[in-house]
Amino acid sequence: MALIDYRDDMQRCSRCSSCKFIPLAQIKSNRFSSGCPSIEWGKFHAYSASGRFNVAFSLLEGLIPYSDRLLDIVYQCPVCGSCDVSCKISTQLEPLDMALELRAKLVEDGQLLPQHMPLIDTLRKEDTLFTGKIKNNRGNWAEGLKVKDLTTEKGEVLFHAGCRYCFDEELWGVARASISLLKGAGVDVGILGKDESCCGGRAYEMGYQGEFIKFAESNIEAWKKAGVKTVVTGCSDGYYAFNYLYPAKSGKKPNVEVLHITQFMDRLIRAGRIKPVNSVPLKVTYHDPCHLGRMGEPYIPWTGKRAQIRNIINVFDPPKPKRRGTNGVYDEPRNVLKSIPDLSLVEMERIREYAWCCGSGGGVKESYPDLALWTARERIEEAKATGAEAIVTACPWCERNFRDAIAVTGDKLQVYDVVELLHKAVI
Amino acid sequence: MSLKKEVYQAFEDIVGSDYISDEPAILNSYRFHWLAEFLNPERKRITPVSAEAVLLPATVEEVQAIVKICNKYGVKMKPVGGGWGAWNAVLNEGAVQLDLKRMDRILDLDEKNMFAVVEPYVMGAELQAEAMKKGLNCHLIGAGGVCSVIATSACFLGASPNGMYMSHGPDNLLAVEWVTPTGEVVRTGSRGCGKGWFCSEGPGPSMRGVIRGHAGTLGSFGVVTKIGIKLHPWPGPAAYPIAGKVPAYTTSLPGNFRAHTVQFPSEQAIADSLYKIYDARIGYVIHRQFNFYGDELQGAMIKIFSDSSLSLDNLEEVLADAEVQKLTQEMKRAYQIVLAGNSIGDIAWQENALDEILAETGGKKVAALDTPFWEQFTLHFLLKLSTKNTNFLYTGSFLGIMGPVGSPDSIVPTIQPGEEINRKYMSQEKGRIANTGANAFMGTLGYLGGGSCAYQEQFFFHDPADKTSVEQGLEAVFEAGVVVAQNKWPPSPYSGYFLTPFLPRPVQDMAYGMDPQPQAYVWQGQIREIFDPNNIGEKGYTYLEKKK
């Protein structure tokens with residue numbers, strides 16, 4: 001759907017402001033009631049999902065011009081989907097999809113955020129958004145692991161590291177631990193190394209839908225050539241791209257099973273192929289990555305149309321599957337943590353489908369670093385309020401942003417990936 | 001028309017450059033409101049005018065300074081909290097909007113004396129969550145937990161499903177900190193004499209009526225920057241239990257909470273039962289809630305809300321279910337009641353009292369909803385009021401007609417005319433009002449002082465993206481207004497009547513002049529002249545022009 005297809009819904013937003021909060025029923029305190037980093041940062045109503053409905057309608061009606069402020073309003077948002085979950089408690093509007101189409105329209109109309117230019121340029125040249133990095137170095141994280149090269153061999157399972165793990169050396173350990181655990185469990189796993197490409201998901205979120213489609217097509221072709229049955233990734237953004245964006249938005253459905261590494265690990269633990277035996281005495285709290293949790297629901301194909309019944313009640317015919325965060329990946333990471341001896345898990349107030357975002361997504365980490373760090377600091381405060389010694393997540397973007405935030409504040413809270421802790425418990 | 005440079009600069013000097021804007025993208029986002037479609041000649045959901053600037057003050061001092069600048073330069077202003085409804089918008093040319101989002105703190109929660117002190121952007125759901133930790137609860141306006149506590153007690157209406165136990169919104173108002181339209185800071189009640197926030201009255205004449213006016217002044221009479229608000233007993237767990245999967249959240253409250261849908265043979269029998277309930281002093285929440293979705297659809301709708309695999313798209317198939325059809329019949333002429341007991345004996349007594357009342361009035365509990373699952377669903381719906389924006393699910397908008405506030409008996413005669421109006425618009429050829437069943441009356445059945453009176457509004461659902469639908473909605477509102485006037489029923493503050501402050505002055509004068517007590521609106525006009533001599537209050541203040 002294009003932005004114009006949401007025009008009527010833009011008028012059906014009643015400005016109830018639910019989009020600014022986590023689902024009201026889940027509010028446990030005044031301090032941690034908000035769900036939307038954008039409105040908490042920007043303050044003016046335009047920075048909320050409702051506000052963006054208004055901005056989009058105003059643009060379509062020719063009521064407002066493009067401006068730098070308008071670009072800020074659109075892009076100072078990690079497209080985390082919190083507004084989408086809260087809005088859909090009671091409506092059938094699509095704030096997240098509309099926000100993404102608004103970005104696509106800006107790009108289509110040549111209204112490009114200057115901060116995006118170097119990222120897109122690098123993406124086109126080096127198959128990654130990481131400026132200053134080159135494709136040839138993409139496989140360096142796996143040096144010495146003796147993992148199968150799926151460009152020359154066949155395999156069952158492809159491990160997609162993702163741009164963050166490939167180019168953020170400080171986080172290489174997590175990707176390496178993933179391979180070590182998979183191989184140790186007897187999984188026939190391989191990687192594409194320097195021939196791996198970006199998933200394209202971030203480009204989609206920034207409005208560059210054409211670029212995204214190229215990466216979708218290229219990756220699906222690469223998996224087909226490698227003959228793999230399963231693609232597993234440790235990056236939640238990549239999971240979201242493969243699991244949902246590819247079939248939903250590229251027109252190409254990957255003919256593989258897509259799993260996040262925590263889903264795979266949970267499976268292997270249940271099957272007895274991974275045995276966490278070492279004690280890891282740590283009190284942790286788990287941060288649900290947006291792209292794995294509420295946005296991690298599988299894609300369900302649908303073909304139909306809008307209809308009106310009983311004079312004017314607006315429905316979809318046939319009933320359209322709803323993405324409301326109900327079936328995201330929440331339990332598997334927790335199951336993995338709970339399998340680790342002496343690890344204790346305490347929950348933050350905002351979890352699962354109503355988790356507060358880390359602040360990295362949607363191009364915010366690169367384009368508005370202050371907003372990204374502020375968002376992460378808010379989450380760190382919430383983690384500290386549980387008394388946990390560490391915040392654990394399942395996404396390198398979340399981990400990086402939390403680490404960067406703590407580097408600024410000097411907090412003692414430790415940051416781990418689920419796989420890191422499992423690795424400690426196994427090896 | 002733009003603000004003069006020196007005026008904009010004066011405002012910027014108060015709040016800082018980050019918290020003021022006159023950028024079109026920012027300004028326009030404050031023009032979209034529920035019911036703006038009725039005020040816009042093109043019937044689009046956008047108000048006819050834009051604010052000249054939006055300001056985000058953080059303190060009462062900043063608000064006071066802003067108001068003084070408004071007086072100095074003759075600039076009108078409209079403060080907004082949660083901001084749900086067209087009355088929150090700037091509707092005059094040349095006005096500024098004060099967005100109170102940065103004033104969002106709960107400043108105190110006094111467990112022993114049972115009150116809290118809040119700023120304008122504290123929402124009911126937030127206060128409720130904090131209060132429950134201390135064994136307390138707060139009044140939530142009928143529109144639900146996403147509404148500002150200050151707005152719903154000091155500034156606008158105040159009816160609530162928990163009015164039975166906690167009374168009307170303004171009855172919960174204790175001391176107030178108010179920036180008057182001329183920029184004085186007035187602290188009323190006990191706060192005014194430096195004794196804290198616990199009492200709304202004195203010294204001197206009560207200011208509550210002045211600040212609120214009739215049904216609230218809708219942000220057009222100064223700015224309320226803090227209030228003390230009453231809290232009430234909560235005989236439930238400190239951590240409210242949530243069960244179920246999004247979006248079909250429910251709860252699992254202990255056995256001292258019960259919830260029933262009780263059905264009656266007639267609207268008169270409903271009224272008869274209410275008097276007995278008031279006398280028996282039972283009920284923590286009492287509301288005609290589910291009927292809001294239309295008497296033909298309410299059974300199907302609660303089924304959809306309770307099942308995370310279903311959505312509105314499944315409405316027709318759910319309606320076709322024989323069990324749902326049976327339930328729908330059983331739910332006609334019904335309301336919901338929540339009982340909360342402080343002990344096992346207490347809840348048992350309340351249950352027995354309810355059973356006796358039902359026997360005396362020909363009512364009965366809807367058996368299909370008297371299961372543990374549906375009791376918890378109903379408890380959650382009415383105690384948390386966290387899904388009240390399902391009002392917008394069908395079409396993106398709705399409005400109510402009829403809706404007098406009064407004794408239960410006085411409401412009965414309004415039901416049939418309300419049904420006739422709805423039926424007419426729903427069934428006409430090319431009808432663009434949702435066909436939900438003629439009776440979509442919803443209302444809070446316990447009101448001032450807890451019990452004592454009720455109100456019920458007949459709801460209809462129009463689509464703001466459909467011009468014909470909006471026009472038919474407006475026709476229905478005016479038609480209902482004529483029926484109310486012809487029968488000399490008191491105009492309701494809850495129906496289309498709350499659009500009246502935004503209509504042309506002659507229409508307002510005609511509407512308020514029809515009230516059985518028009519003098520009250522004349523006095524209100526005189527109060528307004530005294531407190532707002534420079535006329536900086538934006539539209540929303542209800543008054544009658546004094547006849548010369």
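Couple of notes before you dig in:
- Of A:Ala248, A:Ala226, all but one fail to be under 19 Å from A:Met1 (Cβ atoms), out of contact with any Pro (no Cβ under 6 Å at 6 or more places or on another chain) and in contact (Cβ under 8 Å) with a residue 40 or more places away in the chain; the exception is A:Ala248.
- Residue among A:Ile269, A:Ile313 that is within 14 Å of another protein chain (Cβ to nearest Cβ) and either over 20 Å from the mean Cα position of the chain (by Cα) or more than 30 Å from B:Ser397 (Cα to Cα) (or both): A:Ile313
- Just one of the listed residues (B:Asp313, B:Asp295, B:Asp307, B:Asp272) is charged (D, E, K, R), away from chain A (no Cβ under 14 Å) and on the phi < 0 side of the Ramachandran plot, namely B:Asp272.
- Filter result for A:Cys19 (within 25 Å of the chain's Cα centre (by Cα) and more than 11 Å from every other protein chain (Cβ to nearest Cβ)): no
- Lone qualifier among B:Pro161, B:Pro181 - being more than 14 Å from chain A (Cβ to nearest Cβ), touching a strand residue (DSSP E or B) at 6+ places or on another chain (Cβ under 9 Å), within 30 Å of B:Thr378 (Cβ to Cβ) and crowded, with 18+ Cβ neighbours inside 10 Å: B:Pro161
- Each residue in the range A:22-43 was checked for being closer than 20 Å to B:Leu100 by Cβ, surrounded by 24 or more Cβ atoms within 10 Å (Cβ to Cβ) and facing chain B (nearest Cβ under 7 Å), and 2 pass.
- Among the residues here, A:Lys322 qualifies as more than 27 Å from A:Ala376 (Cβ to Cβ), within 14 Å of chain B (Cβ to nearest Cβ) and among the basic types (Lys, Arg).
- Of all residues in the range B:366-380, those satisfying the criterion of being under 11 Å from B:Thr261 (Cβ atoms) and part of a helix (DSSP H, G or I) are B:Ala367, B:Ala368, B:Leu369, B:Trp374, B:Glu375, B:Phe377, B:Thr378.
- For the range B:535-548, the tally of residues that are surrounded by fewer than 16 Cβ atoms within 10 Å (Cβ to Cβ) and under 25 Å from B:Val80 (Cβ atoms) stands at 1.
- Only residues that are part of a helix (DSSP H, G or I) and touching a Pro at 6+ places or on another chain (Cβ under 8 Å) were counted in the range A:251-265, giving 1.
- Single condition B:Leu297 does not satisfy, out of (1) assigned by TED's automatic domain parsing to the domain that holds B:His380; (2) among the aliphatic types (A, V, I, L, M); (3) surrounded by fewer than 23 Cβ atoms within 10 Å (Cβ to Cβ); (4) under 30 Å from B:Ala86 (Cα atoms): (3)
- Positions within the range A:333-347 being surrounded by fewer than 23 Cβ atoms within 10 Å (Cβ to Cβ) and either within 16 Å of A:Arg294 (Cα to Cα) or of a type in the set (D, E, K, R) (or both), in sequence order: A:Arg334, A:Lys338, A:Asp342, A:Glu347
- Residue within the range B:360-382 that is closer than 27 Å to B:Ile242 by Cα, in the same structural domain as B:Gln289 (by TED's automatic domain parsing) and at pLDDT below 95 present: no
- Residue in the range B:348-358 that is in contact with a Lys or Arg (Cβ under 9 Å, 6 or more places away or on another chain), farther than 26 Å from B:His232 by Cβ, surrounded by fewer than 19 Cβ atoms within 10 Å (Cβ to Cβ) and more than 14 Å from chain A (Cβ to nearest Cβ) present: no
- In the range B:26-53, of all residues being at the interface with chain A (Cβ under 7 Å from one of its Cβ atoms), out of contact with any Ser or Thr (no Cβ under 6 Å at 6 or more places or on another chain) and part of a loop (DSSP other than H, G, I, E, B), the one that is farthest from A:Arg7 (Cα to Cα) corresponds to B:Tyr30.
- From the list B:Leu544, B:Leu499, B:Leu503, the one residue that fits, being closer than 24 Å to B:Ala143 by Cβ and in contact (Cβ under 8 Å) with a residue 12 or more places away in the chain, is B:Leu499.
- When residues of the range B:96-125 are limited to those that are in a loop (DSSP other than H, G, I, E, B), in contact with a strand residue (DSSP E or B) (Cβ under 9 Å, 6 or more places away or on another chain) and more than 24 Å from A:Cys13 (Cα to Cα), the one farthest from the other protein chains (Cβ to nearest Cβ): B:Met114
- Residue list for the range B:237-266, restricted to those being under 16 Å from B:Leu379 (Cα atoms), aliphatic (A, V, I, L, M) and surrounded by 18 or more Cβ atoms within 10 Å (Cβ to Cβ): B:Ala248, B:Leu253, B:Ala259, B:Val262
- Residue count for the range A:149-162 under the criterion of being in contact (Cβ under 8 Å) with a residue 60 or more places away in the chain and over 15 Å from A:Lys229 (Cβ atoms): the result is 3.
- If you check B:Gly236, B:Gly204 for being part of a loop (DSSP other than H, G, I, E, B), over 24 Å from the mean Cα position of the chain (by Cα) and modelled with pLDDT under 95, only one passes: B:Gly204.
- For the residues B:Lys72, B:Lys78, B:Lys68, the requirement of being assigned to a strand (DSSP E or B), away from chain A (no Cβ under 11 Å) and of a type outside the set (S, T, N, Q) singles out B:Lys78.
- Condition check for B:Ile421: away from chain A (no Cβ under 12 Å) and surrounded by fewer than 24 Cβ atoms within 10 Å (Cβ to Cβ): yes
- Test: residue in the range A:120-133 that is at the interface with chain B (Cβ under 10 Å from one of its Cβ atoms) and in contact with a Leu (Cβ under 7 Å, 6 or more places away or on another chain): no
- Failed criterion for B:Ser160 (all others in (1) within 21 Å of B:Ala259 (Cβ to Cβ); (2) part of a helix (DSSP H, G or I); (3) polar (S, T, N, Q) hold): (2)
- If only residues of the range B:435-476 that are of a type in the set (A, V, I, L, M) and away from every other protein chain (no Cβ under 14 Å) are counted, the one that is nearest to the chain's Cα centre (by Cα) is B:Met442.
- Residues of the range A:394-413 satisfying the condition of being in contact (Cβ under 8 Å) with a residue 60 or more places away in the chain and surrounded by fewer than 24 Cβ atoms within 10 Å (Cβ to Cβ): A:Arg400, A:Arg403
- Applying the criterion of at least 3 residues that are within 27 Å of A:Cys77 (Cβ to Cβ) to the helices (runs of 4 or more DSSP H) found wholly in the range A:115-207 leaves A:117-126, A:163-167, A:201-206.
- Picking from residues in the range B:13-22 that are buried (at least 19 other Cβ atoms within 10 Å of the Cβ) and not in a helix (DSSP H, G or I), the one that is farthest from the other protein chains (Cβ to nearest Cβ) is B:Ile20.
The values are calculated or read from the model by the stated rules, or taken from the named source; none is laboratory data. Not measured: the values here are computed from a predicted model. Note that we place each Cβ from the backbone using ideal geometry, even for glycine, and neighbour counts take in every protein chain shown.
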